[in-house]
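Below is one structure, written out as structure tokens; comments come after it.
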Amino acid sequence: MTENSDQTTHFGFKTIPEAEKASRVRGVFSSVATKYDIMNDVMSGGVHRVWKDAMMDWLSPRDGQRLLDVAGGTGDIAFRFLKRAPTASAVVLDLTEDMLIEGRNRAEAEDRAHQLDWMVGDAMALPFEANSFDVYTISFGIRNVTRINDALTEAYRVLRPGGRLMVLEFSQLPNPAMQWAYDRYSFNLIPKMGQVIAGDSESYQYLVESIRKFPNQERFATMIRDAGFSQVKYRNLTFGVAALHSGWKL
């Protein structure tokens, strides 16, 4: 996981030095943190809740498990996990402290305080020992990581043998006509919604562009396998607007 100051990456459709991406992503989510959950409901018509429930259905949380939810933001995934496994525990890690603050202010956070830890951290350099967690999740966050391969390598490192990775991320529709219609909606309406609701169109322009830069389902599954995971599978959600990817450390 070495850094090269000459290397570049994408920030939406822009090409920028790798060293700048983390701070730019932090800026995006700091800007929208207070309205992030509301915007998720508005942008997806509430469907993101169905996707997250589908994630839990496939994950099947069990009592006693230890979850690491990376890019966990306001805690949506961790709260769902603990609801289904009342004696489990979870660490919510995010690059942006403002997102974690919003999560800690949620009513569920107080109810689950004895099971939950909130940490600022980087998906590419997790502050945990190897073999520390039973489950690693990342929901709508991995496309914002500077080097996705490094994040997957770190996920594999911190999972215990027999541990499971699950990623929920926006993806690509296999039908070109449906993809065209979805693109029209995303690029024309979502930044405007961001301006009206969060007072920030530029951050949501980036978020829309970042979806188009993310690898498609097959390519991302290959990246997960290359990181060492076994039994890698994916499921499309809402025709491929989003996808769930699962892998095991065996």
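Bear in mind that the values in this text are calculations on the coordinates, not laboratory data. Here the structure is a predicted model, which is why all the values come from computation and not from measurement. Using ideal geometry, Cβ is built from the backbone for each residue, glycine included, and neighbour counts are taken over all protein chains shown.
For Val47, Val91, the sequence from fewest to most other C-beta atoms within 10 Å is Val47, Val91.
Screening the chain for DSSP H helices whose Cα atoms reach 20 Å or more along their own axis and whose mean Kyte hydropathy is at least -1.0 gives 18-32, 176-198.
For Cα pairs less than 8 Å apart in space and 6+ apart in sequence, what is the mean separation divided by the residue count of segment 95-158, i.e. the relative contact order in percent?
Numbers: 39 pairs, mean separation 21.9, N = 64.
Taking the mean separation of contacting Cα pairs over the length of segment 95-158, I get 34 percent.
Normalised by 2.2 N^0.38 Å, where N counts its residues, the alpha-carbon radius of gyration of segment 123-250 equals 1.15. A simple charge model with +1 on the Cβ of Lys and Arg, -1 on the Cβ of Asp and Glu and nothing else charged puts the dipole of the chain at about 720 debye relative to its Cα centre.
Quote to one decimal, in nm, the extra length available between Arg106 and Arg49 on full extension: 0.36 nm per residue of separation minus the C-alpha distance between them. Can you show the working numbers first?
Numbers: separation 57, 0.36 × 57 = 20.52 nm, distance 1.64 nm.
18.9 nm is the gain from fully extending Arg106 to Arg49.
Exposure proxy shown here: for Glu209, Glu169, Glu218, the number of other Cβ atoms within 10 Å sets the order, fewest to most, as Glu218, Glu209, Glu169. For a paramagnetic label modelled at 7 Å from the Cα of His114 toward its Cβ, which residues of segment 28-72 fall within the zone defined by backbone nitrogen distances under 20 Å? Zone members listed by number: 62-67.
I need Asp94, Asp37, Asp53, Asp6 ordered by Cβ neighbour count within 10 Å, fewest first.
The fewest-first ordering by Cβ neighbours comes to Asp6, Asp53, Asp37, Asp94.
All other residues whose Cβ lies under 14 angstrom from that of Ala109 are scored, Lys and Arg at +1 and Asp and Glu at -1, for a net of -4.
Positive end of the charge dipole of the chain (Lys, Arg +1 and Asp, Glu -1 on Cβ, about the Cα centre): tell me which of Gly194, Ala85, Trp248 has its Cα farthest that way. Result: Trp248. Over 25 Å between Cα atoms, which of Lys52/Lys249; Lys35/Lys249; Lys52/Lys233; Lys14/Lys249 qualify? Over 25 Å apart, Cα to Cα: Lys35/Lys249; Lys14/Lys249.
Using Cα pairs closer than 8 Å and at least 6 residues apart in sequence, work out the relative contact order for the chain, in percent. Don't jump to the answer; show the numbers that get you there.
Numbers: 450 pairs, mean separation 49.0, N = 250.
Here the relative contact order equals 20 percent.
For segment 109-180 and segment 24-90, what is the separation of their Cα centres, given in Å? That distance is 11 Å.
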